[in-house]
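Engineer: Below is a structure I'd like to ask you about.
The values are calculated or read from the model by the stated rules, or taken from the named source; none is laboratory data. Keep in mind it's a predicted model, so treat the numbers as computed, not measured. Cβ atoms come from the backbone with ideal geometry, glycine included; neighbour counts cover every protein chain shown.
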Amino acid sequence: MTIKIVTVTEMIAAEKQADANGHSYSTMMDLAGKAVADRVMAHLPSKDNITIIVLVGKGNNGGDGLVAAKYIKYTRPDVEVLVYQHTIRPQDPVLNAARGTGVRFINQSDLATAVKQASIIIDALLGTGIKLPLRDDMALLLELVKVSCYPHVKLPTLVDPTSKAIVQQQLPIIIAVDCPSGLDCDTGAISPQTLAADETVTFAAAKHGHLLFDGAASVGNLRVADIGIMSDFLPPNAPILLDPYHIRSLLPKRTSESHKGTYGKALITAGSQVYAGAATLAARAASRSGAGLVTLAIPHSIQSLLASTLPEITWLPLPHTDGYLNMNSTQPLVKQAQSYDSLLVGCGMGNTPTTQQFMWNLLNQENLPSLIIDADGLNVLSQMPHWQLPPHTIITPHPREFARLANTTTAEVQANRWELAKEKAQEWNVVIVLKGAYTAIATPDGQLSISPFATANLAMAGTGDVLAGCIASLRAQGLNAHEAAQAGVWLHGWVGQYGLPKRGGLALDVANNLGQALSHIT
């Protein structure tokens, strides 16, 4: 099922429509609470004497928390589930159902002590409808819980002075219901008192604020649970959150009766005397992503530097000026390109007068293969007074490159990533991959897709070249521009999130592990 990303108003309207069509609010709440309980059970160790605290507010979010408490106690009666209730509602049937399972209720005077002993805290205080700032009483309550959770800074400590073993203070796992309390689910603004969640279980659709910073940093792992709301009740043009099932459906099938021509030919025009490594990274990524043949078109002077590191690659040495492509590079490139399925331009190419002449000359050529423009190709483009790209071109800017192209500031781009990506994709008639945490992909027909990945592992030089090479490879294999951008972004993000060490990974590691990502998903 495609995961949509909606506003709070759109979510309320969908719930109202579901209720009007016979799928009641009480049924939705029961399914939501069960989904939260299932995630809690996934985190619970098998041993006894585990304490769970459920922070229950007075709204529907609190009701979801009570249902979760009920289901946890049904499943694991040996687990102590303590519910702090922000507002007493003695006649509430959901509350009474939870109490009937043996769930214990505590008051605020006992909360700090209970939190210190808890293994898991379920945050069901405030839902998606809150607006900042928080009321004083709620801010104080969250601050109390936070101080009780983190009595001192979490630092690794040596077991004893002669041992190299390191232990860390055990902190409770925090699972947020729908959103961390204090997150504005439309804007991503967040209260300083908010408890940062390890995992957030939201319902039917992701919300904008889950994926917008600063608040997105407190969401943890986002899981979207099905509570029976039909997709038709959600806006048809809502952005979508990329998921592995969708990406798997895009990837070309690989059969035993095939050859290198079956999987396309990617031509990569990249590199310069100063940035030779960018060409290596893009080519390695294209090969690891499954293209049948990858060719590097580079300044002749740097071929000898790279040839031994890329034995799978074929080469098109081009004329150059001091190690940078020039206008004489265009014709041999265009002639070769006629037999290729995709053409990536720009990685490490440099932005010099000669590369500017090369780029301007290239874009005036007709019948180019499917085009992907990255890095210095975009920097050159931003200096052209008038430019128009071939239909179905993919551009892959980071925020500063996008700001140059759009004649705005990086701060403005970061403040309005989704809106600007959609606007400029339609204006420029290209597919835009706006890189960064939760990379956005926008198409000329107004579609917007968001990557589910945000990781510091990709915050290093060269990873953009890897992404561009991956997209070029998928484009060569027959995916259309939108599909290639989606699949490339997801595979690249998956490696950053799961395929690298926590620290010390390299861009080359990202390229080399793209095959692992493909194996994982297929």
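Engineer: Yes or no: Leu371 within 20 Å of Gly464 (Cα to Cα) and touching a Gly at 6+ places or on another chain (Cβ under 9 Å)?
Structural biologist: For Leu371, the condition - within 20 Å of Gly464 (Cα to Cα) and touching a Gly at 6+ places or on another chain (Cβ under 9 Å) - is not met.
Engineer: Moving on. Name the one entry in Gln91, Gln117, Gln108 that is touching a residue at least 40 places away in the same chain (Cβ under 8 Å), farther than 21 Å from Ala225 by Cβ and either touching a Lys or Arg at 6+ places or on another chain (Cβ under 6 Å) or surrounded by fewer than 18 Cβ atoms within 10 Å (Cβ to Cβ) (or both).
Structural biologist: The unique qualifying residue is Gln117.
Engineer: Output the number of the condition that Asp78 fails; it satisfies all remaining conditions of (1) of a type outside the set (Lys, Arg); (2) surrounded by fewer than 19 Cβ atoms within 10 Å (Cβ to Cβ); (3) closer than 20 Å to Ile227 by Cα.
Structural biologist: (3)
Engineer: Being at positive phi and under 15 Å from the mean Cα position of the chain (by Cα) narrows it down to one residue among Gly228, Gly220; which is it?
Structural biologist: Just one listed residue meets the conditions, Gly220.
Engineer: Check off (1) in contact with a Ser or Thr (Cβ under 7 Å, 6 or more places away or on another chain); (2) farther than 26 Å from Leu241 by Cβ for Val8 and give me the number that stays unchecked.
Structural biologist: (2)
Engineer: Here is a follow-up. Given the conditions (1) crowded, with 22+ Cβ neighbours inside 10 Å; (2) within 34 Å of the chain's Cα centre (by Cα); (3) not hydroxyl-bearing (Ser, Thr, Tyr), report the number of the one that Leu325 does not fulfil.
Structural biologist: Evaluating Leu325 over (1) crowded, with 22+ Cβ neighbours inside 10 Å; (2) within 34 Å of the chain's Cα centre (by Cα); (3) not hydroxyl-bearing (Ser, Thr, Tyr) leaves (2) as the failure.
Engineer: Confirm whether Ser249 is among the polar types (S, T, N, Q) and under 28 Å from the mean Cα position of the chain (by Cα).
Structural biologist: The answer is yes for Ser249.
Engineer: Separate question: Please find, among Asn328, Asn361, Asn367, the residue that is assigned to a helix (DSSP H, G or I) and either out of contact with any helix residue (DSSP H, G or I) (no Cβ under 8 Å at 6 or more places or on another chain) or acidic (Asp, Glu) (or both).
Structural biologist: Asn328
Engineer: From the residues in the range 257-284 that are of a type in the set (A, V, I, L, M, F, W, C) and out of contact with any Asp or Glu (no Cβ under 9 Å at 6 or more places or on another chain), which one is surrounded by the fewest Cβ atoms within 10 Å (Cβ to Cβ)?
Structural biologist: Taking the candidates together, the pick is Val274.
Engineer: Additional query: From the list Ala14, Ala32, Ala37, exactly one residue is farther than 23 Å from His208 by Cβ and of a type in the set (A, V, I, L, M, F, W, C). Which is it?
Structural biologist: Ala37
Engineer: So for the range 65-82 (the condition being assigned to a helix (DSSP H, G or I), under 24 Å from Arg39 (Cα atoms), among the acidic types (Asp, Glu) and in the same structural domain as Ala206 (by TED's automatic domain parsing)), does at least one residue qualify?
Structural biologist: no
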